[in-house]
Amino acid sequence: MRKLRIGIIDLVSKGPTRALFARVMNANFAAIMPQVIAVWCEQEGHDVTLVCYTGFENLVNDLPDNVDLVFIGAFTEAAQLAYALSNLFRSRGAVTAIGGPHARCYPQDAAKYFDYVLGFTDKSAIRDVLQDCSEHRPVGTRIAARQQPTALPGVRERWKFIEPTLKKAPLIKMVPMIGSLGCPYTCSFCIDSVIPYQPLDFEVIKEDLRFLLSKFKRPLVGWHDPNFGVRFNDIMDAIEEAVPPDSIDFIAESSLSLLSEPHLKRLQKNGFKALLPGIESWYDLGDKSKTGKIKGMEKVRQVSEHVNMILSYMPYIQTNFVLGLDADEGAEPFELTKRFVDLAPGAFPGYSLLSAFGQAAPLNLEYQREDRVLPFPFQFLNNNQAMNVKPKNYSWSEFYGHVIDLVSYTYSWRAIGKRVRANKGMIPRWMNVVRAVSSEGFGRIKYHTEVRRRLDSDRQFRPYFERETIKLPDFYMNLAQKELGSLWNWLPAGAMDHDPNAYLKSINVQSVSP
Ligand code: B12
Ligand code: SF4
């Protein structure tokens, strides 16, 4: 096989930015797979350049001229940017491939703009691309391993690609690690609800932790496991065998059901500083928060107590909620979340508007069958800028009214003050204040208020939200253009539109074909 010049782009940002938070944090959100693919391509004998795009780089200058093959890793919110980049690199003669959450959720759409669209990706899937490396146009080839890979190169092997990315992070430097894939729980909206849980090699993890101690005085590790600690004793044994207690700071996403007091004691002893459990809803998904059939205010009390207990062991906790689930009705779910904000004032609540990411979860088929999915451009599908599922029990005005009320309550100066008093340590306090007053808190109050206002005053809004027209309101088109900056000019024709029911159609085709 000829030696290929390969470019790999990890899109952490969906367009150019100058925001301070992005400057400080974006490089810490780098994904693992682009680094993994870089290692695999080098092992196959090719030349690799990896760029983690944090919103500050010039991607054309940062990749060598005449790249033969460009892999792009993208979330759905960065799909339009990815399509524009693919167009640009194709115009210079490169073959392009896309992987990551967007490719897994919207493969049919991505295939219109890329030569290869990768689903589950293991080394042999990458080898297939490298060996073929040719144009597949107008419709790209879809390649996917049958299951998640059973092994991934660890930090030591990825270090060559991690180090330059972390150089872009001026203050906090977080190393991405992963100990497991999939999840044993079945939260209906989640991409992992049907992916079996599978731990990765504990020996690699131990080796990586020791390696990191040779690189930093006190490393900071962000676990990318969908649900950290499912095999709690095994992963904690591995950490304890590898490094002295409390010598590395760790951050992890873990469900409340795994965060019992004995587990928290052990996590604290080993340096865990921040946890991000999902609460999601007061009426649904009881298994995950260990509240079983308990619902409503009773669940609020139980979960608040649990969260306060976690805060006595951890300096930082973010609690995630999904707004607009079908189980929710009326003002009550929002009022209950406000009571949670009162009862657990130290937690930072993260809110996501219910979003159906293409074929991420089987539940999305139900929304598509009920014709409830809106064709909002991918650019806005980040759980906040747009909600692409028509709520079951709310009108849009009602829903946005409740969201604005809740978000304003959560990021009010009163709540910010209570949060500061309930947090210990400078970093958690600083983080929570900055997040509340930045685009995440104040910014979202302003944005949702604008959407609510336009539902009444902008004649293009309501017909689009009610699915009477697919003509996107100018407000969103102009915003997308602004967010993409100069790459807007490279966006291929039609790339702002997609079929919101492509998943359902693909299932129907499968069921009628012989
Ligand atoms: C860890 C994680 C994060 C981390 C790290 C992000 C990162 N850059 O990787 C943090 C906390 C920063 C994060 C942030 C966000 N996240 Co997140 N996150 C996850 C999580 C829990 C695990 C993803 C992971 O790393 N898995 C391990 C890897 C090895 O497996 P995998 O993702 O399945 O990838 C496989 C294939 O897709 C492929 N692959 C993956 N990447 C690439 C790249 C290339 C080039 C190729 C060829 C192949 C390939 O190979 C893998 C092995 O088969 C998932 C949920 C989940 N359970 O998957 C959500 C998830 C990916 N996040 C999601 C979202 C929406 C977000 C946010 C927009 C949330 C927000 N509102 O801010 C931000 C966006 C951040 C950004 N733009 O970078 C959605 C994405 C949906 C979508 N289609 O876009 C998910 C699926 C959760 C959900 N809602 O269902 N997230
Ligand atoms: S516990 Fe988390 S990762 Fe697991 S299925 Fe539920 S939402 Fe997904």
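The values are calculated or read from the model by the stated rules, or taken from the named source; none is laboratory data. From a predicted model like this one, the values you see are computed outputs, not experimental measurements. Because the Cβ atoms are built from the backbone with ideal geometry, glycine has one as well, and the counts that use them run over all protein chains shown. In case anyone asks, the SASA skips ligands and DNA or RNA and just uses the protein heavy atoms, side chains included. Shrake-Rupley method; radii C 1.70, N 1.55, O 1.52, S 1.80 Å.
Scan region 295-320 for residues that are open to solvent by 40 Å² or more (accessible area, probe 1.4 Å), closer than 16 Å to Phe334 by Cβ and in a helix (DSSP H, G or I) and the total you get is 1.
Is region 392-404 home to any residue that is closer than 28 Å to Gly100 by Cβ, out of contact with any His (no Cβ under 7 Å at 6 or more places or on another chain) and open to solvent by less than 20 Å² (accessible area, probe 1.4 Å)? Checked region 392-404: no residue is closer than 28 Å to Gly100 by Cβ, out of contact with any His (no Cβ under 7 Å at 6 or more places or on another chain) and open to solvent by less than 20 Å² (accessible area, probe 1.4 Å).
Residues in region 268-284 that are touching a Gly at 6+ places or on another chain (Cβ under 8 Å) and either among the polar types (S, T, N, Q) or more than 16 Å from ligand 1 (Cβ to nearest atom) (or both): 2 in all. Residues that are under 22 Å from Gln80 (Cβ atoms) and loosely packed, with under 11 Cβ neighbours inside 10 Å within region 453-473 comprise just one, Lys471. When Lys269 is tested against (1) open to solvent by 10 Å² or more (accessible area, probe 1.4 Å); (2) within 24 Å of Gln35 (Cβ to Cβ); (3) at pLDDT 95 or above, only condition (2) is not met.
Find the residue count for region 195-221, including only residues that are under 24 Å from Ile162 (Cα atoms) and within 16 Å of ligand 2 (Cβ to nearest atom).
Step one: filter region 195-221 for residues under 24 Å from Ile162 (Cα atoms), giving 199-221.
Now restrict to residues that are within 16 Å of ligand 2 (Cβ to nearest atom): 199-200.
Of the residues in region 195-221, 2 are under 24 Å from Ile162 (Cα atoms) and within 16 Å of ligand 2 (Cβ to nearest atom).
Condition first: β-branched (Val, Ile, Thr), touching a residue at least 12 places away in the same chain (Cβ under 8 Å) and open to solvent by 40 Å² or more (accessible area, probe 1.4 Å). Can you find one or more residues in region 192-203 that meet it? Reasoning before the result, please.
Here is the first cut: in region 192-203, the ones β-branched (Val, Ile, Thr) are 194-195.
From what is left, the residues that are touching a residue at least 12 places away in the same chain (Cβ under 8 Å) are 194-195.
From what's left, open to solvent by 40 Å² or more (accessible area, probe 1.4 Å): 194.
The answer is yes; a qualifying residue exists.
For region 152-194, what are the residues that are among the aliphatic types (A, V, I, L, M), part of a loop (DSSP other than H, G, I, E, B) and either more than 16 Å from ligand 2 (Cβ to nearest atom) or modelled with pLDDT of 95 or more (or both)? Reasoning before the result, please.
Taking region 152-194 first, the residues among the aliphatic types (A, V, I, L, M) are 152, 155, 162, 166, 169, 171-172, 174-175, 177-178, 181, 191, 194.
Narrowing the set further to residues that are part of a loop (DSSP other than H, G, I, E, B) leaves 152, 169, 171-172, 178, 191, 194.
Leu152, Ala169, Leu171, Ile172, Ile178 - these are the residues of region 152-194 that are among the aliphatic types (A, V, I, L, M), part of a loop (DSSP other than H, G, I, E, B) and either more than 16 Å from ligand 2 (Cβ to nearest atom) or modelled with pLDDT of 95 or more (or both).
Scanning region 393-401 turns up at least one residue that is touching a helix residue (DSSP H, G or I) at 6+ places or on another chain (Cβ under 8 Å), modelled with pLDDT of 95 or more, within 20 Å of Ile470 (Cα to Cα) and away from ligand 1 (no atom under 11 Å from the Cβ).
Could you please let me know if Asp237 is more than 30 Å from Thr49 (Cβ to Cβ) and either touching a Cys at 6+ places or on another chain (Cβ under 7 Å) or in contact (Cβ under 8 Å) with a residue 60 or more places away in the chain (or both)?
Numbers: more than 30 Å from Thr49 (Cβ to Cβ): yes; either touching a Cys at 6+ places or on another chain (Cβ under 7 Å) or in contact (Cβ under 8 Å) with a residue 60 or more places away in the chain (or both): no.
Judged against the criteria, Asp237 is not a match.
What is the number of the single condition among (1) outside any helix (DSSP H, G or I); (2) surrounded by fewer than 15 Cβ atoms within 10 Å (Cβ to Cβ) that Ser486 does not meet? Condition (1) is where Ser486 drops out. Residue count for region 48-69, restricted to those that are of a type outside the set (Ser, Thr, Tyr), in contact with a Leu (Cβ under 7 Å, 6 or more places away or on another chain) and modelled with pLDDT of 95 or more: 3. Scanning region 409-446 for residues that are open to solvent by 40 Å² or more (accessible area, probe 1.4 Å) and among the hydroxyl-bearing types (Ser, Thr, Tyr) turns up Tyr409, Ser439.
Taking the conditions exactly as written (over 21 Å from Cys41 (Cα atoms), more than 8 Å from ligand 1 (Cβ to nearest atom), surrounded by 24 or more Cβ atoms within 10 Å (Cβ to Cβ) and among the hydroxyl-bearing types (Ser, Thr, Tyr)), does Tyr106 satisfy them or not?
Values: over 21 Å from Cys41 (Cα atoms): yes; more than 8 Å from ligand 1 (Cβ to nearest atom): no; surrounded by 24 or more Cβ atoms within 10 Å (Cβ to Cβ): yes; among the hydroxyl-bearing types (Ser, Thr, Tyr): yes.
Answer is no for this residue.
Looking for something of a type outside the set (Asp, Glu) and free of Cβ contacts under 8 Å to residues at least 40 places away in the same chain - is there at least one such residue anywhere in region 336-353? If you could, list the steps in order and put the result at the bottom.
Step one: filter region 336-353 for residues of a type outside the set (Asp, Glu), giving 336-341, 343-353.
Imposing the further condition that a residue be free of Cβ contacts under 8 Å to residues at least 40 places away in the same chain reduces the set to 352.
Yes.
Filter region 246-256 down to residues that are surrounded by 18 or more Cβ atoms within 10 Å (Cβ to Cβ) and of a type outside the set (Asp, Glu) and give me whichever is nearest to Met309 (Cα to Cα).
Taking region 246-256 as the starting set, the residues that turn out to be surrounded by 18 or more Cβ atoms within 10 Å (Cβ to Cβ) are 248-256.
Among the residues that remain, those that are also of a type outside the set (Asp, Glu) are: 248, 250-252, 254-256.
Working: Ile248: 22, Phe250: 18, Ile251: 17, Ala252: 17, Ser254: 15, Ser255: 15, Leu256: 11 Å.
So, considering only residues that are surrounded by 18 or more Cβ atoms within 10 Å (Cβ to Cβ) and of a type outside the set (Asp, Glu), the one nearest to Met309 (Cα to Cα) is Leu256.
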